[in-house]
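Some notes on the structure that comes next.
Bear in mind these aren't lab numbers, they're just calculated from the coordinates by the rules spelled out. None of the values given here were measured: they were computed from a predicted structure. Heads up, the Cβs are rebuilt from the backbone with ideal geometry, glycines too, and the neighbour counts pull from every protein chain shown.
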Amino acid sequence: MRRVAIALLAVAGGVIVGTACRNGNEAVPADPLIDVFNRRNQEEGLTRGQTDGKRLFVHYCATCHGDAGQGDGQNAYNLDPPPPDFHESLKVHQPSYWRQIIEGGSVAVGRSPQCPPWGRTLASSDLDALVAYLEVLANPSPAQK
Amino acid sequence: MRLHQAFAVLGVAFLAIFSWVFFKEYLAEWRTTQAQFRRLEQEVKDPHALSLAPPVGGIRQVWLTDLDRVDRCTTCHLGVDDPSFARAPQPFATHRGTWLGTHPPDRYGCTVCHGGQGEATTYSDAAHHRLPYWSESIRAGELLEANCGTCHRERAVPQAFWLTSGREQIARDGCAACHDIPGFSREETRAPRLESVGYKLQPTWITVWLANPRDYLSQARMPNFRLTPDEIAGLSAFLLAQRAVPPLDSSAVDWGEADPARGRTLFGEARCVTCHMIDGRGGTLGPELSAVASKVRREWLFSFLKDPARDQPDTLMLRYRFTDEEIRDLVAYLTTELLGTTEPRTAPDARYQSPTLVEQGREAFIRHGCYGCHRFAGMENLPKIGPSLVGVGDRPVEPAEFKGEAVLPTLPNWLFLKLREPDTLMAESRMPTYAFTDMEAAVAVVGLLSIRKAELPASRVTTAPRPEPYQPQGAFGALLNRYRCLSCHQVRGTGGTLSTVPLDRIGSQLQRAYLVDYLQNPGAVRVGIEERMPKFGMTTEEARTLADYMSTVLVDDSLDEPFRPDPEAARRGERLFAALGCRSCHIVGGRGGYVGPDLGDSGRRLKPGWIEAWLTAPERWKPDTLQPNYGLKVEEARDLANYLMSLTTGGTGEKP
C-alpha cells in the first residue's frame, strides 16, 4: 500500500514539474492593423485631441500662420504686422489668452484686426482642440521641430 | 445507515455550494468598484451635491429594445455622465468631449459605439481586451470610428476623419466594380470603355501595362492582376482587335507642318493641368499624361481631342473649340515630348492577331472581371466577380484562415492582410494587388468594418439623400454637355467637386455681363490657386446663351433684392471693412491678402443681395469656408455690400 502511494505521488509530482518546465515563450502574435495606427501616432507624437486640433489648424490657420505656426504662411507676407512665430510667442501668455484670440479675433485682445474671430464658425470642442494643438506648437518636441 | 450518511453528505454539500454562490455574489467585482466610487464621491462632491446625487448600488443597465442590446457598463463606469469626475481615475472618469450630448446613453447605450460585451459585469468579460469567444472587443481610437458608420451611412461623416477617409478610399479605388458594397456603386469607377481601344493603343504599350500598370505610371489607378504571360498575350490580342468605332478622319492633316512648341503653348492656355497631371503637377480628374507619347496613336489622339465623346460617351473631357491645326500642334506636342521615363520596348509577338489568341483574351477578360471597371458592350449583365461585402463588418474569422502567420486572428487584421496581399490568405484569389500604403489599407479597413449585417430600424440610421440627376435640355443642355460643366461644377448635388463653386444659384451671385466675359476668358479670381477654369474657346453667342440661362434659371429668389447705391452707406462700409481687417485676406485697390477673392471689381462682378447673405452667414453657403462669421447686423452687412458694389476698378483677371 505504501509503495503504491509513494509511486502515485512520484508520478503526480513528475507531471506537475513537467508541465511547469516548458521551454521558451510562444511567439507573441502580431496585430498589424493596430500597429499601423500606433506607428503613425508615435511618429506624430500627438494625442487624439491634438490631432483634431492639427487638422483644424491646417485648414483654418496655416494659410497665414504657416504649417508649423512659425508665421511663414503663404499669406503672411501680406500682413502688417506679420503673424508671430508660435515657437516663441505663445509661451508669453496663458492658453486662455490664445482661446480669446481664436474665439473673438485678435481685435478682442486689443491687437490689429487681422486674425478673424472664429467663435461663430467653430464649436466649443473645436476651439478646445485648437488650443490643445497650440500647446504642442508652443513646446515643440525635437520630432516636431 | 448508508442512505442516511449519503443524505447527510449531500445536504452538507448543497449547503456548501449555496453558501459559496451567495458569498461569490457578495464579493462580486462590481460591488467593490461601486464601494470605491462611493468613497470617491465623498471627496469630489460637496455635501449639498452629494445629498442630491442618486444613491449608488446594484447593477445598472440600459436596455435598447429596438437594437436588442443590454449594456451594463454603467455599473462600474459610474461617473461617465457627471462632469464633476473629469479628473477622476478610470473607470469613474467623465466621458471625453461632447459625445454624450449628441449620443445620450439612455438611447444609445455604450456598446453601439465602443463594442464589447455589454451584458458582462466583470472587467475581463466585458471584452476590454480580446476574448477568445467574443468577436468584437472594445474598440478604441481610429477603429472606433468604424462603429460610427453603422448608423451614419453617408459617405462623409462629420467628426469621423478616419471613417470618411476610408469610405473615400473605397470609392476612389473602385471596389464596387467587383464587389457588392452597400452605399457604393460601380458607376463611380472611372475606367475607359474598351470597344474601340484597338485604334487607341500602341501595341508595345499594352503588354507593359498589363504586366504591371505601375511600370507605366507610378500613380496608376489600375491594380496589378498578376497575369501569366499567356494571359497577357491573349488580352493584348483581344484588346488590339477591338475596333468598333473608327476615329475621325485625320488624313488631311499635314503632320510635317506640326509645331510642338505652339502645342505646348496651347496646352498651357487650355489649362489641361487642371485635370491632367504631368510630372507630379496637376489634377487627377483625368489620366496622368507624363508618358502619353508611349501609349497612344497619333490619329486616335487627334480624333479624341476633336470629339472626346465619340468613343467614350461618358467621358468627363470637354470638347474645346480648337481648329484642326491647333489640334495637330497639340498632338505633336503630346506625342513627341511627353515620353516620361520609358525604356525601349520590345515589339509584341507577331501572333497577336490570331483568332484563337483573341478568343483566349476574351475568356481572360471575363475571368478576371475586367468588365467590372471597363464597361464593355455585351457584358452589361455579367455578375460582379468578387464576393458580396454586405455585412463584411460582422464576418466571422477562423484562426485557420491566417495560414499559420503569427497574427492575432481578428477581422480587422484579416481585412488588412487581404488588402495588402490578396493572394496570401486564400491561394486562388482573383483579387488584384493594389499598391496600397499601410495607411491607405488601414483606413479602407475602417471603412469596410462599418458595413454591418444587422438591419437597423430606420429611426437609427442617417443617410445622405441621393441627388436627383441633373439633365437640362435645349440649347443650354447641349452646351452643358459639350463643355462638360458638370465634370467640375455641381448643380443640385450632381456633378464634380473640382470647383468649389456650385452653380445652383450662380445667377444670383454673379452679374450677367461678367459671366459672359468670364466664360470666354476665365481669369484668376483668387490668386495662387493651381486649378483654374480652362479657356474653352467658346463663341460669344454660346457664352451669352449660358449666361442668360444661369441668370434666369439658376437663381435663388431670396437673394434678389433691389439695390440703390448710397454713398453714405458706402463710406460706413469702407470704415467697417478696415475695422474688421478684411484686407488681410482680400485684395482691394491692388493691395491685400491672397486667401479670398480679389474684391477690387466687385461692383462689376457680384450682386448685392448675395454679398449681404454671404457676409451674414458664410458657413450656411459653404460649410468649410475660411470666411469668418463676424456676427454682422443687417445694416452692417448692407453697408459693406454698398461699399463693395462701389468698387469697379480692380480685378486680377488674365489680360487677353
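For the range B:501-652, a crude dipole built from +1 on the beta carbon of Lys and Arg and -1 on the beta carbon of Asp and Glu, taken about the Cα centre, is about 420 debye to the nearest 20. Selection among A:N78, A:Q114, A:V36 by position relative to the dipole of chain A gives A:V36 as farthest towards the positive end (Cβ unit charges, Cα centre). Restricting the calculation to Cα atoms, every distinct pair contributes to the Kirkwood radius of the range B:38-100, found to be 12.9 Å.
Each listed q (0.12, 0.27 Å⁻¹) maps to a log10 I(q)/I(0) for the range A:57-130, found by the Debye formula over equal Cα scatterers with no solvent: -0.29, -1.56. Computed about its Cα centre, the charge dipole of chain A is approximately 880 debye, with only Lys, Arg, Asp and Glu carrying charge at their Cβ. Look at the dipole of the protein assembly as shown built from charges on Cβ: of B:G286, B:A176, B:V555, the Cα furthest out on the positive end belongs to B:A176. Can you tell which of B:C148, B:W162, B:Y108 lies farthest toward the positive end of the dipole of the range B:90-167, using +1 and -1 charges on the Cβ of basic and acidic side chains (Lys, Arg; Asp, Glu)? Going by the charge dipole, the pick is B:W162.
Would you tally the net charge around B:P287, using a Cβ to Cβ cut-off of less than 13 Å, leaving B:P287 out, and scoring K and R as +1, D and E as -1? Walk me through the intermediate numbers first.
Numbers: positive: B:R190, B:K200, B:R221, B:K295; negative: B:E288.
Net charge in that neighbourhood comes out at +3.
Packing order of peptides B:50-61, B:81-92, A:47-58, highest average first: A:47-58, B:81-92, B:50-61 (average count of other Cβ atoms within 10 Å over each peptide's residues).
Once you order the gyration tensor axes a ≥ b ≥ c over the Cα atoms, which shape class does the range B:331-486 get: rounded for a/c under 1.5, otherwise prolate or oblate by comparing a/b with b/c? Provide the component values of the computation, followed by the final result.
Values: a/c = 1.89, a/b = 1.18, b/c = 1.60.
The shape class here is oblate.
Can you tell me, using C-alpha contacts under 8 Å and at least 6 residues apart, the relative contact order of chain B as a whole percent?
Numbers: 991 pairs, mean separation 75.6, N = 656.
Across chain B, relative contact order equals 12 percent.
Are any of the pairs B:K535/B:K633; B:K384/B:K622; A:K91/B:K45; B:K384/B:K418; B:K453/B:K622; B:K24/B:K453 more than 28 Å apart by Cα-Cα distance, and if so, which? Over 28 Å apart, Cα to Cα: B:K535/B:K633; B:K384/B:K622; A:K91/B:K45; B:K453/B:K622; B:K24/B:K453.
Helix-derived [θ] at 222 nm for chain B: sum -39500 (n - 2.57) over DSSP H runs of at least 4, divide by residue count, nearest 500?
Numbers: 27 runs with 256 residues, N = 656.
Rounded to the nearest 500, the figure is -11000 deg cm²/dmol.
Measuring spread by the Cα atoms of the range B:265-419 yields a radius of gyration and Dmax of 22.1, 65 Å.
What shape does the range A:87-145 have by the C-alpha gyration tensor, where a ≥ b ≥ c are the square roots of the eigenvalues, rounded means a/c under 1.5, and otherwise prolate means a/b greater than b/c and oblate the rest? Oblate, because a/c is 1.5 or more while a/b does not exceed b/c.
Please report, ordered by residue number, every helix of chain B (full DSSP H runs) that is 20 Å or longer along its axis going by C-alpha atoms and whose mean Kyte-Doolittle hydropathy reaches 0.0.
B:2-26
For the range B:366-442, what is the charge dipole size about the Cα centre, in debye to the nearest 20, if Lys and Arg each add +1 at the Cβ and Asp and Glu each add -1 at the Cβ?
Numbers: 8 positive and 10 negative charges, 62 e Å.
Computed about the Cα centre, the dipole is about 300 debye.
Per residue, the convex hull spanned by the Cα atoms of the protein assembly as shown amounts to 278 cubic angstrom. Taking a ≥ b ≥ c as the square roots of the Cα gyration tensor eigenvalues, chain B comes out oblate, since a/c reaches at least 1.5 and a/b does not exceed b/c. Mean residue ellipticity at 222 nm, helices only, chain A: -15500 deg cm²/dmol; runs of at least 4 DSSP H residues each add -39,500 (n - 2.57), and the sum is divided by the number of residues.
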